[in-house]
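First the structure, in the form of structure tokens, and then the observations on it.
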Amino acid sequence: MEGRVPEDLAVVVDARGAIMVWSDGARRLLGYEAAEIVGRAVTELLAADLPESTRRHVADGQRWAGEVALRHRDGDRVVVRLRGTPLTDAGRGRLWMVTGTAPAHTARRAEHGALALWDLTLSQLPVPVAVYDREARLVAANEVMTQVMGRTEEEMKGLTLWEIQPGWPFDEYDRLQREVLRTGEMIFHEEYGQAPGETRPHAWSMYMSPLKDETGMVQGLSATVFDTTEQSWARRRLAVLNDASLRIGSTLDVARTADELAEVAVSGFADFVTVDLLESVALGDEPEPLPPAAPVTVRRTAQRSVLEGCPESAVPSGETTLYPVGTLPVRTLVAGRGTRHRPGDPGMREWIRSSPALAESVTHHMIHSVMMVPLRARGVTLGLVHFLRHRTPEPFSEDDLLLAEEIVARAAVSVDNARRYTRERRTALALQRSLLPDRPPELAAMEVAYRYLPTGSGAEIGGDWFDVIPLSGARVALVVGDVVGHGIQASATMGRLRTAVRTLADVDLAPDELLTQLDDLVLRLDREEGPEVRGRSAEASGQVGATCLYAVYDPVSRRCTMARAGHPQPALVTPDGGVRFLDLPAGPPLGLGGLPFEAAEVRLEENSLLALYTDGLIEAADHDIEVGLDLLRQALSSPADALEETCDQVLRTVLAGRSADDIVLMLARTAALGAGQVHTWRLPPDPAAVARARKLAGGQLAAWGLTEAAFTTELIVSELVTNALRYGGAPIELRLIRDSTLICEVSDGSNTAPHLRRARVFDEGGRGLLLVAQLSDRWGTRQTSTGKTIWAEQPLPTVPFL
């Protein structure tokens, strides 16, 4: 073998492609010792395919020169300009000497003394320049142009661009050159692509200018090419920033915002992006402090790749992962500043080795450049964003890091806004749900089922509420209401109104009287929450308002008394399947003041179905209220046997999509207490009636098989009847009701309600009601049309199992 191995980088490859000689310069460049690399295939060193022109020269056994991407021992990608020289060994086989040379812009003419200064300038220009004749055939090209084309000047002389490099985009360049020769006008053209002698694509700006003689005739043309990759990247970065400002933060959803960040980065300048949020942030809570001496748990909230399916991912989306103590991600989070890394960097090597899946991904996909940027907003760290490159040959630059930090900073504000919204909405919903009943109570008078749907807009919660309140005498009160507005204030007002309704229901106010009291309460709330400059006597501002429907059903008489305050009318489904909307007096909405409410009474057959609802059910953007009422009538015309199933059926039929307001739907199927469960006796206003009342009560309990409760019940009856005889008047009536409890009621003609008081030592009276309160679970009084009723409830005695 002839020739001398250069002192810097030199490699000798035999005919089979195996490395025979490995210089010290090659060791310094790629990190391999001669003992571990000699004998191995040279293709193992390639990090990318050889340029097309180089492959052609190697196949033809000709000298070649060009850029080649090599793999360093630590996995990094190294791009070197190499020159290959064919040699012949003793057996007449072909060898190759590959040396590393720096581009030199030296004179290429044989006679330097005779070379004109213009030729020197053309030859040594640091940009590719070529000259073509009138037939678009190459006349001359400088050194940089030959490097870009991957061919020598002698190889290209006399050929057109199409003949030099058939195919796109050189066919377009050839057409443009002929256009210049035909018109005599300069053409500017921009292209992004990979030249035959380059290992990566570039942005090129080409000037094709006509060359004219003294007469103005076109004798040829010159092509000057500028590498505008950096300018192109700068424009691209500005476009990415603009894209980020338009696309990131379109929703108040944490996961969607993180995905928008990853999508913008992958479409702009990265090949693979992951967004890891702190576990607390992903759940919508406040970020936890970051102790540097503890591992950090994060959730892979989003990831995007230029490859379908994100095959580079070592952690699936939605999964949690751990950053070990002291690793590069933890240090980056604590420092709060973005960093750039190569896989061979010491800190990066430790991080990669901490996860076998990550190490395999970096090796398999040849990830060669990484950026880590903390996601921070308002001085708080929310997570970490990883930017990686494996398809883009260029490593991340300092400008790329600045771009990434700018995008992440914008996204961090949106992520934090989404996190705060998630937390506040969850808090508001928890408040609202805590103010609503968990489940309907067990009732003998009726069966109840309901559905509550928060607003579908996602903006704020509403103030819709409902309730089922057991009343005395086995009666049941049904309430549905809707506070004006949305948000925490509406929920708080709803809670206060619901509490007020329960309190007023306990004193057994009639529905119209209850709404009157509730109207006064809303007026007071409106004055309290109005502007501070107004005095207490000022008029209400109208900022607080509500609608309400209150109904009381008595299973003994099967009558339902209802009143409404600006609320939608209820629907009634009779046992035979007929559906009608009850024409109740509308009444003004709560909060107007000074206007009366009117109650209406309806007799309900057993197994009737009442439907109470808020306006969100029947009002929709795509239809008016009448259409909503028709859809509700249609849904109720064939109710299912189970009320829960009927609720779902109504929602499916009436709601085409999500409503813009909260929705409450409450269905109540009525029952009746038979004659065997209720017994009533009229008593004369005579002291002897006390003994008779005890006897009647004891006999009825014996008939019901409740003799164990006879003693207690007779005491209660005795005290209540005595109280009616002493403080009330005719008519006096005793009623026993056997329901889920044993109810004892004594009515009289007086409107004076008794009060529980502590009797003094020498008082002859005042201990009756105290005794009743001690013997019963609940007791109370309610006004009637003829006077009052005092009632007491006891639990049914447990029947032993035989």
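Write out, first by first residue and then by second, each pair whose Cβ atoms fall under 8 Å of each other, whose residues are 6+ apart or on separate chains, and whose first residue, in region 488-512, is farther than 19 Å from ALA599 by Cα and in contact (Cβ under 8 Å) with a residue 60 or more places away in the chain while the second is small (Gly, Ala, Ser) and part of a helix (DSSP H, G or I).
Partner pairs satisfying both residue conditions: ILE488/ALA428; SER491/ALA428.
Run down ALA270, ALA262, ALA244, ALA258 and say which single residue is assigned by TED's automatic domain parsing to the domain that holds ALA302 and part of a loop (DSSP other than H, G, I, E, B).
Exactly one of ALA270, ALA262, ALA244, ALA258 is assigned by TED's automatic domain parsing to the domain that holds ALA302 and part of a loop (DSSP other than H, G, I, E, B), namely ALA270.
Can you tell me how many residues in region 53-82 are crowded, with 16+ Cβ neighbours inside 10 Å, modelled with pLDDT of 85 or more and assigned to a loop (DSSP other than H, G, I, E, B)?
Of the residues in region 53-82, 1 are crowded, with 16+ Cβ neighbours inside 10 Å, modelled with pLDDT of 85 or more and assigned to a loop (DSSP other than H, G, I, E, B).
With respect to ARG564, is the statement that it is of a type in the set (Lys, Arg), at pLDDT 90 or above, surrounded by 14 or more Cβ atoms within 10 Å (Cβ to Cβ) and assigned to a strand (DSSP E or B) true?
Against the criterion (of a type in the set (Lys, Arg), at pLDDT 90 or above, surrounded by 14 or more Cβ atoms within 10 Å (Cβ to Cβ) and assigned to a strand (DSSP E or B)), ARG564 qualifies.
Residue check, ILE352 against (1) touching a residue at least 24 places away in the same chain (Cβ under 8 Å); (2) outside any strand (DSSP E or B), all met but one. Which one?
So the condition that ILE352 fails would be (1).
Out of everything in region 377-394 that is touching an Asp or Glu at 6+ places or on another chain (Cβ under 9 Å) and without any contact (Cβ under 8 Å) to a residue 60 or more places away in the chain, what residue ends up being farthest from SER267 (Cα to Cα)?
Per the stated criteria, the residue is ARG378.
Rundown of residues vs (1) over 21 Å from ALA270 (Cβ atoms); (2) part of a loop (DSSP other than H, G, I, E, B), yes/no style:
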{"residue": "PRO292", "(1), (2)": "yes, yes"}
{"residue": "VAL298", "(1), (2)": "no, no"}
{"residue": "GLN303", "(1), (2)": "no, no"}
{"residue": "CYS310", "(1), (2)": "no, yes"}
{"residue": "SER317", "(1), (2)": "no, yes"}
{"residue": "GLY326", "(1), (2)": "yes, yes"}
{"residue": "PRO329", "(1), (2)": "no, no"}
{"residue": "LEU333", "(1), (2)": "no, no"}
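Scan region 570-587 residue by residue and report those that are surrounded by 18 or more Cβ atoms within 10 Å (Cβ to Cβ) and either at pLDDT 90 or above or closer than 19 Å to GLY616 by Cβ (or both).
PRO570, ALA571, LEU572, VAL573, VAL579, LEU584
Considering only region 764-777, I want to know if a residue exists there that is in contact with a helix residue (DSSP H, G or I) (Cβ under 9 Å, 6 or more places away or on another chain), at pLDDT below 85, outside any loop (DSSP other than H, G, I, E, B) and closer than 21 Å to PRO731 by Cα.
yes
Cβ-Cβ distance below 6 Å, separation of 6 or more or different chains: which pairs start in region 663-676 with a residue that is over 16 Å from GLU644 (Cα atoms) and touching a residue at least 12 places away in the same chain (Cβ under 8 Å) and end on one that is surrounded by fewer than 20 Cβ atoms within 10 Å (Cβ to Cβ) and of a type in the set (Lys, Arg)?
So the pair list comes out as ALA672/ARG558.
Count, please, the residues in region 698-752 that happen to be closer than 20 Å to VAL556 by Cα, part of a helix (DSSP H, G or I) and among the small types (Gly, Ala, Ser).
1
Can you work out which of the residues in region 185-195 that are outside any loop (DSSP other than H, G, I, E, B) and surrounded by 15 or more Cβ atoms within 10 Å (Cβ to Cβ) is nearest to the chain's Cα centre (by Cα)?
GLU191
Looking at LEU525, LEU514, can you tell me which residue is touching a strand residue (DSSP E or B) at 6+ places or on another chain (Cβ under 6 Å) and assigned to a helix (DSSP H, G or I)?
Of the residues listed, the single one that is touching a strand residue (DSSP E or B) at 6+ places or on another chain (Cβ under 6 Å) and assigned to a helix (DSSP H, G or I) is LEU514.
With the structure loaded, tell me whether LEU636 is closer than 20 Å to ARG652 by Cα, in contact (Cβ under 8 Å) with a residue 40 or more places away in the chain, crowded, with 19+ Cβ neighbours inside 10 Å and in contact with a Pro (Cβ under 6 Å, 6 or more places away or on another chain) or whether it fails that test.
Taking the combined requirement at face value, the residue does not satisfy it.
Quick one: count up the residues across region 328-353 that are over 21 Å from VAL408 (Cα atoms) and touching an Asp or Glu at 6+ places or on another chain (Cβ under 8 Å).
3
With the condition kept exactly as written, say whether any residue in region 218-230 is under 44 Å from the mean Cα position of the chain (by Cα), at pLDDT below 80 and not hydrophobic (A, V, I, L, M, F, W, C).
Yes, that holds for at least one residue.
Do we find a residue being outside any helix (DSSP H, G or I) and modelled with pLDDT under 85 anywhere in region 159-173?
Yes: one or more hits.
Going through LEU29, LEU50 one at a time, which residue ends up being part of a helix (DSSP H, G or I), at pLDDT 85 or above and not polar (S, T, N, Q)?
LEU29
Give VAL507, VAL522 a once-over and let me know the one that is modelled with pLDDT of 80 or more, more than 29 Å from the chain's Cα centre (by Cα) and buried (at least 16 other Cβ atoms within 10 Å of the Cβ).
VAL522
Residues that are touching a helix residue (DSSP H, G or I) at 6+ places or on another chain (Cβ under 7 Å) and either surrounded by 14 or more Cβ atoms within 10 Å (Cβ to Cβ) or over 16 Å from ARG137 (Cα atoms) (or both): does region 208-215 have at least one?
The answer is yes; a qualifying residue exists.
Go through (1) surrounded by 15 or more Cβ atoms within 10 Å (Cβ to Cβ); (2) more than 21 Å from the chain's Cα centre (by Cα); (3) over 17 Å from VAL415 (Cβ atoms) one by one and return the number of the condition VAL315 breaks.
Evaluating VAL315 over (1) surrounded by 15 or more Cβ atoms within 10 Å (Cβ to Cβ); (2) more than 21 Å from the chain's Cα centre (by Cα); (3) over 17 Å from VAL415 (Cβ atoms) leaves (2) as the failure.
Taking the conditions exactly as written (buried (at least 20 other Cβ atoms within 10 Å of the Cβ), under 28 Å from VAL315 (Cα atoms) and touching a residue at least 60 places away in the same chain (Cβ under 8 Å)), does ASP400 satisfy them or not?
For ASP400, the condition - buried (at least 20 other Cβ atoms within 10 Å of the Cβ), under 28 Å from VAL315 (Cα atoms) and touching a residue at least 60 places away in the same chain (Cβ under 8 Å) - is met.
Residue under question is ALA642, and the condition is that it be assigned by TED's automatic domain parsing to the domain that holds ARG564, small (Gly, Ala, Ser) and exposed (fewer than 15 other Cβ atoms within 10 Å of the Cβ); does it hold?
When the stated conditions are applied, ALA642 passes them.
Would you be able to tell me the number of residues in region 653-697 that are crowded, with 17+ Cβ neighbours inside 10 Å and either part of a loop (DSSP other than H, G, I, E, B) or not polar (S, T, N, Q) (or both)?
Residues flagged as crowded, with 17+ Cβ neighbours inside 10 Å and either part of a loop (DSSP other than H, G, I, E, B) or not polar (S, T, N, Q) (or both) within region 653-697 amount to 24.
Being buried (at least 16 other Cβ atoms within 10 Å of the Cβ) and of a type in the set (Gly, Ala, Ser) narrows it down to one residue among ALA234, ALA302; which is it?
ALA302
Every residue in region 328-358 that is among the hydrophobic types (A, V, I, L, M, F, W, C) and under 31 Å from the mean Cα position of the chain (by Cα), please.
If the condition is that a residue be among the hydrophobic types (A, V, I, L, M, F, W, C) and under 31 Å from the mean Cα position of the chain (by Cα), then LEU328, VAL330, LEU333, VAL334, ALA335, TRP351, ILE352, ALA357, LEU358 are the ones that fit.
If you take the residues in region 278-292 that are in contact (Cβ under 8 Å) with a residue 24 or more places away in the chain and in contact with a Pro (Cβ under 9 Å, 6 or more places away or on another chain), which one is farthest from THR392 (Cα to Cα)?
This residue is VAL281.
Of all residues in region 196-217, which are of a type outside the set (Phe, Trp, Tyr), under 51 Å from the mean Cα position of the chain (by Cα) and within 27 Å of ARG56 (Cβ to Cβ)?
PRO196, GLY197, GLU198, THR199, ARG200, PRO201, HIS202, ALA203, MET206
The values are calculated or read from the model by the stated rules, or taken from the named source; none is laboratory data. As the structure is a prediction and not an experimental result, all values here were calculated from the model. Cβ sites come from the backbone with ideal geometry, for glycine too, and all protein chains shown count toward neighbours.
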